[in-house]
1. List every residue pair whose Cβ atoms lie under 9 Å apart, where the two residues are 6 or more positions apart in sequence or sit on different chains, the first residue falls within region 137-150 and is touching a residue at least 40 places away in the same chain (Cβ under 8 Å) and closer than 16 Å to Thr77 by Cβ, and the second residue, located anywhere, is in a loop (DSSP other than H, G, I, E, B) and of a type in the set (Gly, Ala, Ser).
2. Mind checking whether some residue in region 34-50 is assigned to a strand (DSSP E or B) and touching a Gly at 6+ places or on another chain (Cβ under 7 Å)?
3. What do you reckon, is Asp12 modelled with pLDDT of 90 or more and among the acidic types (Asp, Glu)?
Amino acid sequence: MAFVLDASGTVDDSQWKLTKDFVHGVSNGFGLASNKTRISVLAYSTLPQIELKFDDRNGYENMDDFLESMSQPRGDTRTDRALKMTRDQLITSESGARDFTPKAIVIVTDGGDAPDTTAKFAEQRARELKDMDGATIVALGVGDKVDQYELRQLASDPDHAFLVASYDEIIGYVKSAADAVCTGEWGQCWLYARP
């Protein structure tokens, strides 16, 4: 499962912390291990950056420290570039993604992509990801700058697009996001409750 996180300048420090808490909450619902669910994280603003590859530190004991230390790059919102890097460099065997396993991508954004051209490129990149191994894409749009149509275009299914009123409410969408991952190409999956 890959998390693609908007870390642009329109996301303030407290919102960035809540975004990382969301990642923690969703990943806690799965059995993280090298032979079970693996996660990766990409943070993006003007340029995307891979923060965690699938074959890095996948386990509960390291997740808290990793998320705490993850910095926010800030800059413009370029979802199109983030999705291109996700396809070309993150969801690959070189980054530890396993061949022939379903791929799930969870996008969190506050919207605010640059003009229409950028939004159209983001939609195109999302289509490419959906076509690649039938990836399940869950998209959470947070705040009032999110275009609902664009959000639905990012998601692999309209039911996998969630409009969240504010970052203060994002934790309430942990179960919805995990359930959407499990009803996609992953089929039914067992969600773990971490002690």
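1. Between residues of region 137-150 that are touching a residue at least 40 places away in the same chain (Cβ under 8 Å) and closer than 16 Å to Thr77 by Cβ and residues that are in a loop (DSSP other than H, G, I, E, B) and of a type in the set (Gly, Ala, Ser), the close pairs are Val142/Gly111; Val142/Ala165; Val142/Ser166; Lys145/Gly111; Lys145/Gly112.
2. Within region 34-50 (the criterion being assigned to a strand (DSSP E or B) and touching a Gly at 6+ places or on another chain (Cβ under 7 Å)), the answer is yes, since at least one residue qualifies.
3. Values: modelled with pLDDT of 90 or more: yes; among the acidic types (Asp, Glu): yes.
Criteria met by Asp12.
The values are calculated or read from the model by the stated rules, or taken from the named source; none is laboratory data. The structure presented is a predicted model; accordingly, all values stated were derived computationally and were not measured. Glycine gets a Cβ as well: all are built from the backbone with ideal geometry, and neighbour counts include every protein chain shown.
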